[in-house]
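Chemist: For reference, the structure I am asking about is given below.
What follows draws every value from the coordinates through simple rules; no lab data is involved. Since the model is a prediction, treat every value here as computed from it, not as a measurement. Every residue, glycine among them, receives a Cβ derived from its backbone with ideal geometry; neighbour counts consider all protein chains shown.
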Amino acid sequence: MTATLETLVRRFYDDLWNRFDTTLVPVLLTEDVTLRGALGRHAAGHAAFADYLELVRGAFPDFEQTIDEVVVDDVGGSAFVRLRCRGTHRGALFGLPATGQRITYEGAARFETRDGRIADIWLLGDVHGLLRQLRAEREQPER
């Protein structure tokens, strides 16, 4: 089970998130999937998850998440992930217009599975660090 669950989580990041491939939503996620997003958004179901993905893509078209560590709980059917997020701020986010700023921040996620697919996702990201980077570009003194 460990390899299968880890493979599922890696596909979630490598194929669905990093490629913004929404055709994988029904393949990797249960129909009633729930998401607590790092950007303060909650979603339930395939359509709402895809909307969240598009929100991120609109702000960071080149958004990429790299897994640093995966810990699998075979008994509970859950996995924990430590990761790094990167992207270029090309669209409005948190009321801030695009800055063109290249950002990097760390995060973690918890996944629960059911019947071989992801049923619940809880994403935690260093939102304060992200905001600090986005605001740094705007706060530079004029020369």
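Chemist: Conditions first: (1) in contact with a strand residue (DSSP E or B) (Cβ under 6 Å, 6 or more places away or on another chain); (2) buried (at least 17 other Cβ atoms within 10 Å of the Cβ); (3) hydroxyl-bearing (Ser, Thr, Tyr). Thr99 passes all but one, so which condition is the exception?
Modeler: (1)
Chemist: Right, another one. For the structure I just gave you, tell me whether Pro61 is of a type outside the set (Asp, Glu), free of Cβ contacts under 8 Å to residues at least 60 places away in the same chain, assigned to a loop (DSSP other than H, G, I, E, B) and surrounded by fewer than 16 Cβ atoms within 10 Å (Cβ to Cβ).
Modeler: yes
Chemist: Going residue by residue through the range 80-102, is there one that turns out to be touching a helix residue (DSSP H, G or I) at 6+ places or on another chain (Cβ under 6 Å), closer than 19 Å to Ile118 by Cβ and part of a loop (DSSP other than H, G, I, E, B)?
Modeler: no
Chemist: Ok, one more. Restricted to the range 42-53, and to residues that are touching a residue at least 12 places away in the same chain (Cβ under 8 Å) and not in a strand (DSSP E or B), which residue is nearest to Phe94 (Cα to Cα)?
Modeler: Only one residue tops the list, namely Tyr52.
Chemist: Okay, moving on. Search the range 28-41 for residues being outside any strand (DSSP E or B) and in contact (Cβ under 8 Å) with a residue 60 or more places away in the chain, and hand back the single one that is farthest from the chain's Cα centre (by Cα).
Modeler: Top of the filtered list is Leu28.
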